[in-house]
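Below is one structure; the comments refer to it alone.
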Amino acid sequence: MLLAPVHRGLWPRTAGPIGGSARWRRLLQTQAAAWHLDAAVAFDIDGVLVRGARTLDEGRRALRILGGDNRLGRRIPFVLLTNGGGVSEAAKAADLSRRLGVAISPQQVVLAHSPMQALAAQYASRHILVVGGAGRRCADIARAYGFGNVSTPDDVVAWRPAAWPFMDVPDGSGAGAGRDFARDPFHAVMVLHDSFNFGRDLQVATDVLRSRDATAGGAPTGRQSVPLYMSNSDLVFSNEYPRPRFGQGAFHVCLHAMWDALTGGAALEHTRFGKPFRVQYDFAERLLDRLALDAAPDTSVPQLRARRRIYAVGDNPAADIAGANGAGWTSVLVRTGVFAGGPGANDPAHPAAMVVDHVADAVEWIIDSERKRMGLA
Ligand SMILES: [Mg+2]
């Protein structure tokens with residue numbers, strides 16, 4: 001069993017959102033617990049800890065249990081692993097810290113686009129088209145990741161409003177105004193988040209991908225000009241609306257259909273990120289390594305990994321459970337989101353190691369499993 005002393009650095013003092021309350025005192029008490037680093041947990045967010053704008057009580061309870069309020073008397077490191085995005089990891093961590101009543105650091109958040117940071121070295125100064133999200137937020141995220149030369153479909157339409165004549169271009173939109181998109185080639189198209197304007201984004205992305213010189217205004221050829229990266233393949237997602245809504249996967253379907261129709265079936269290659277793809281799990285595992293090394297600086301990554309069991313708690317069999325099973329993690333399926341099976345049911349296509357009602361039950365089961373592994377139960 002690998003234990004580590006308290007390390008407060010992992011839990012930044014967030015006296016602002018929760019300071020002075022009974023909850024804050026409880027947090028300070030749980031900070032006294034040592035770590036159990038033989039286990040780690042990756043939580044999906046929507047349908048597990050929250051449902052849209054509603055924060056689940058079981059989510060708050062689950063994180064309290066992991067914080068040391070359990071029969072091991074020890075804290076277990078965790079990350080949040082979501083196919084959501086369109087915000088920075090820091091903004092997501094701050095929002096969830098406030099809602100869930102525990103301090104969550106940006107180093108515990110894996111968004112769909114987080115692993116795309118690894119591409120920044122390759123594209124540091126190369127011009128990329130960033131698609132998706134509200135306003136310039138995804139362009140700002142890309143810049144923070146280290147992509148130094150970013151334009152958006154908004155910029156292209158600000159340059160030539162006729163590029164997509166079916167919308168008004170507000171004054172001042174498009175930071176790329178002044179840039180000549182007929183002469184400035186792109187080196188990649190990166191879809192970071194759901195498109196907020198399917199038509200415009202399909203048009204501009206297709207223009208660049210088909211263009212002989214990889215510009216937004218170049219003559220088309222039958223071949224793909226530059227690589228295409230996509231952060232999330234979920235066809236639909238759930239929110240407060242009674243029926244699932246089109247997700248980024250729906251944008252991919254449209255883009256591929258248009259490409260097929262325009263080129264007569266030429267190949268459109270793409271690299272995908274997000275759950276259930278392995279790249280997401282490798283990224284999350286490295287964050288868990290870092291959290292554990294912060295807590296126990298004398299240990300090594302191979303030593304940690306040899307002993308550690310990673311549990312993944314999710315509501316979506318096709319994304320959360322398929323991905324976790326593929327990564328060799330122990331999957332736990334909850335009934336508070338996409339999965340609607342009754343008692344005793346499991347997903348036939350992507351069965352989880354355990355199915356429970358909600359995330360607090362999932363964490364109780366994880367604690368029991370760890371006690372068994374340690375010979376305590
Ligand atoms: Mg979910």
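Summary of computed values
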{"item": "In segment 59-98, the residues that are acidic (Asp, Glu), over 22 Å from Gly323 (Cβ atoms) and touching a residue at least 24 places away in the same chain (Cβ under 8 Å)", "result": "Asp69"}
{"item": "Of all residues making up segment 177-221, the number that are in contact (Cβ under 8 Å) with a residue 60 or more places away in the chain and in contact with a Pro (Cβ under 6 Å, 6 or more places away or on another chain)", "result": "3"}
{"item": "Index of the failed condition, Phe283 passing every other in (1) under 26 Å from the mean Cα position of the chain (by Cα); (2) outside any loop (DSSP other than H, G, I, E, B); (3) over 21 Å from Ile321 (Cα atoms)", "result": "(3)"}
{"item": "Top-ranked residue of segment 256-276 - restricted to ones that are within 22 Å of the chain's Cα centre (by Cα) and either surrounded by 20 or more Cβ atoms within 10 Å (Cβ to Cβ) or polar (S, T, N, Q) (or both), ranked as farthest from the ligand (Cβ to nearest atom)", "result": "Thr271"}
{"item": "Segment 285-299 residues that are without any contact (Cβ under 8 Å) to a residue 24 or more places away in the chain, paired with ones that are of a type in the set (Val, Ile, Thr) (beta carbon under 7 Å, 6 or more apart)", "result": "Asp289/Val301; Leu293/Thr299"}
{"item": "Check on Phe186, closer than 29 Å to Leu80 by Cα, within 29 Å of the chain's Cα centre (by Cα) and surrounded by 17 or more Cβ atoms within 10 Å (Cβ to Cβ)", "result": "no"}
{"item": "Given (1) touching an Asp or Glu at 6+ places or on another chain (Cβ under 9 Å); (2) surrounded by fewer than 18 Cβ atoms within 10 Å (Cβ to Cβ), number of the condition Thr336 does not satisfy", "result": "(2)"}
{"item": "Any hit, segment 311-323, residues being closer than 23 Å to Arg51 by Cα and away from the ligand (no atom under 12 Å from the Cβ)", "result": "yes"}
{"item": "Flag if Ala40 is at pLDDT 95 or above and within 16 Å of the ligand (Cβ to nearest atom)", "result": "no"}
{"item": "Meets criteria (in contact (Cβ under 8 Å) with a residue 40 or more places away in the chain and either of a type in the set (Asp, Glu) or more than 21 Å from Ala216 (Cβ to Cβ) (or both)) for Gly101", "result": "yes"}
{"item": "Residue, farthest from Asp282 (Cα to Cα), within segment 324-361, restricted to residues that are of a type in the set (D, E, K, R) and within 15 Å of the ligand (Cβ to nearest atom)", "result": "Arg335"}
{"item": "Search result, residues across segment 68-91 that are under 14 Å from the mean Cα position of the chain (by Cα), more than 16 Å from the ligand (Cβ to nearest atom) and assigned to a loop (DSSP other than H, G, I, E, B)", "result": "Val87, Ser88"}
{"item": "Selection within segment 88-102 - polar (S, T, N, Q) and within 19 Å of Leu66 (Cβ to Cβ)", "result": "Ser97"}
{"item": "Wholly enclosed strands (runs of 3 or more DSSP E) of segment 304-368 bearing at least 2 residues among the polar types (S, T, N, Q)", "result": "330-334"}
{"item": "Near pairs, Cβ below 6 angstrom, 6+ apart or cross-chain, from segment 307-327 (more than 11 Å from Gly47 (Cβ to Cβ) and among the small types (Gly, Ala, Ser)) to any residue that is within 11 Å of the ligand (Cβ to nearest atom) and in a loop (DSSP other than H, G, I, E, B)", "result": "Gly323/Lys275"}
{"item": "Unmet criterion (only one of (1) on the phi > 0 side of the Ramachandran plot; (2) out of contact with any helix residue (DSSP H, G or I) (no Cβ under 7 Å at 6 or more places or on another chain)) for Asp95", "result": "(1)"}
{"item": "Contacts under 8 angstrom Cβ, first residue in segment 242-265 being free of Cβ contacts under 8 Å to residues at least 60 places away in the same chain and farther than 22 Å from His113 by Cα, partner in a helix (DSSP H, G or I) and aliphatic (A, V, I, L, M), 6 or more apart", "result": "Met258/Leu202; Trp259/Leu209"}
{"item": "Tally, over segment 300-319, of residues that are in contact with a strand residue (DSSP E or B) (Cβ under 8 Å, 6 or more places away or on another chain) and not aliphatic (A, V, I, L, M)", "result": "6"}
{"item": "All positions within segment 270-299 that are closer than 22 Å to His193 by Cα and small (Gly, Ala, Ser)", "result": "Gly274, Ala284"}
{"item": "First in segment 354-377 and free of Cβ contacts under 8 Å to residues at least 40 places away in the same chain, second anywhere and basic (Lys, Arg) and assigned to a helix (DSSP H, G or I), Cβ under 7 Å, 6 or more apart", "result": "Ala377/Arg371"}
{"item": "Residue that is surrounded by the most Cβ atoms within 10 Å (Cβ to Cβ) [pool: residues in segment 65-96 that are of a type in the set (D, E, K, R) and in contact with a Gly (Cβ under 8 Å, 6 or more places away or on another chain)]", "result": "Arg75"}
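The values are calculated or read from the model by the stated rules, or taken from the named source; none is laboratory data. Treat the numbers as computed from the prediction; the structure is a model and nothing was measured. Glycine also receives a Cβ, built like all others from the backbone with ideal geometry; neighbour counts cover every protein chain displayed.
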